[in-house]
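Student: Would you mind keeping the following structure in view while I ask a few things?
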Ligand code: CP
Ligand code: NVA
């Protein structure tokens, strides 16, 4: 498998075999890391990390992964560069492409990361856009495979805002990998028709199914994975909170939902999560609208069925695989 020189912008661009290869490679790197085996095969190379939105996991994963591979990193924070303000994306891409072997971008429209990739001349990695979060998918799939031992035919139900980066990306990943994806939410929050149609095409080849339902009981019954994300994403205005809470509250992940899925089910969340009021935004919105937890109850978040911290750790191993594979430095697997 040769992914050298490729950008990683959305899983739509990758075949099921390529996706599985990246997950396998991440497992190899995870094993090396656990055993303390050095794997700094990209010594002397450098990558740029552009964050137009904030991050904990994605930034730390790129930095630690790059360091483990022997590379240097430059972090450009949401205000600390000329990007978009004094310099176009095309010009930024051509400048950074002369200095770095790869560029990570987190920000707004997918068209921005596509434009970066068009002009950079080096691999560009999508660290989250409004539409997609592909590196998160590799971590989620690795976590699911570690727990169940396989991916094909796993039933994954996504509850909440399914028309944004996480819902879209999970639907694509499941469709490509032969899994059964259900978006269980209010119909305004279903993924858009064009993407659903495209995923149904992928599903024909993989044996996946795509279901959209507003019915919590039917949508979560016997699911292996219950997945949710924040109801208001980065970059969205505060004015959407009221409607989100009203429309998505019936789709909160509760113990009843997990019980309906069954004892085999696990809970995943890309994080950060509003499972209590111990955050500034959670506290503000909680006091305003009268809740103590939002998309998932604290009980589920802290339960044995919750794999969210394994999932967070897997961000690092999978991002390392993406960097190494696209820069052509991975070990043979
Ligand atoms: N899941 C995720 O992307 O987390 P960060 O926003 O902390 O990077
Ligand atoms: N949908 C969330 C994902 C965060 C990892 C957001 O875009 O803010």
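Student: Can you list residue pairs whose Cβ atoms sit under 7 Å apart, with the first residue in region 219-238 being within 16 Å of residue 263 (Cα to Cα) and the second being within 16 Å of ligand 1 (Cβ to nearest atom) and in a loop (DSSP other than H, G, I, E, B)? Count only pairs 6 or more apart in sequence or on different chains.
Tutor: Taking only residues 6 or more apart or on different chains, not a single pair turns up.
Student: Could you list all residues from region 262-273 that are in a loop (DSSP other than H, G, I, E, B), within 15 Å of ligand 1 (Cβ to nearest atom) and either at positive phi or crowded, with 24+ Cβ neighbours inside 10 Å (or both)?
Tutor: Within region 262-273, 270, 271 meet the criteria.
Student: When you check residue 281 against the structure, is it within 16 Å of ligand 1 (Cβ to nearest atom), part of a helix (DSSP H, G or I) and either in contact with a helix residue (DSSP H, G or I) (Cβ under 6 Å, 6 or more places away or on another chain) or free of Cβ contacts under 8 Å to residues at least 12 places away in the same chain (or both), yes or no?
Tutor: It is true that residue 281 is within 16 Å of ligand 1 (Cβ to nearest atom), part of a helix (DSSP H, G or I) and either in contact with a helix residue (DSSP H, G or I) (Cβ under 6 Å, 6 or more places away or on another chain) or free of Cβ contacts under 8 Å to residues at least 12 places away in the same chain (or both).
Student: Whether any residue in region 48-62 is away from ligand 1 (no atom under 16 Å from the Cβ) and exposed (fewer than 15 other Cβ atoms within 10 Å of the Cβ) is what I want to check.
Tutor: For region 48-62, residues away from ligand 1 (no atom under 16 Å from the Cβ) and exposed (fewer than 15 other Cβ atoms within 10 Å of the Cβ): absent.
Student: Quick check on region 235-256: of everything there that is surrounded by 21 or more Cβ atoms within 10 Å (Cβ to Cβ) and either at pLDDT below 95 or touching a strand residue (DSSP E or B) at 6+ places or on another chain (Cβ under 6 Å) (or both), which residue is nearest to residue 299 (Cα to Cα)?
Tutor: Across region 235-256, the extreme among qualifying residues is 253.
Student: Now for a different question. Looking for something without any contact (Cβ under 8 Å) to a residue 40 or more places away in the chain, within 16 Å of ligand 1 (Cβ to nearest atom), under 18 Å from the mean Cα position of the chain (by Cα) and in a loop (DSSP other than H, G, I, E, B) - is there at least one such residue anywhere in region 109-124?
Tutor: Looking through region 109-124, none of the residues is without any contact (Cβ under 8 Å) to a residue 40 or more places away in the chain, within 16 Å of ligand 1 (Cβ to nearest atom), under 18 Å from the mean Cα position of the chain (by Cα) and in a loop (DSSP other than H, G, I, E, B).
Student: Of the residues that sit in region 135-171 and are under 12 Å from the mean Cα position of the chain (by Cα) and free of Cβ contacts under 8 Å to residues at least 40 places away in the same chain, which one is surrounded by the fewest Cβ atoms within 10 Å (Cβ to Cβ)?
Tutor: 168
Student: So is residue 141 modelled with pLDDT of 95 or more, within 16 Å of ligand 1 (Cβ to nearest atom) and in contact with a helix residue (DSSP H, G or I) (Cβ under 9 Å, 6 or more places away or on another chain) or not?
Tutor: For residue 141, the condition - modelled with pLDDT of 95 or more, within 16 Å of ligand 1 (Cβ to nearest atom) and in contact with a helix residue (DSSP H, G or I) (Cβ under 9 Å, 6 or more places away or on another chain) - is met.
Student: Would you check if residue 227 is within 13 Å of ligand 2 (Cβ to nearest atom), within 15 Å of residue 300 (Cα to Cα) and crowded, with 19+ Cβ neighbours inside 10 Å?
Tutor: yes
The values are calculated or read from the model by the stated rules, or taken from the named source; none is laboratory data. These numbers were taken from a predicted model, which means no experiment stands behind them. Don't worry about glycine lacking a Cβ; one is built from the backbone with ideal geometry, like all the others, and counts go over all protein chains shown.
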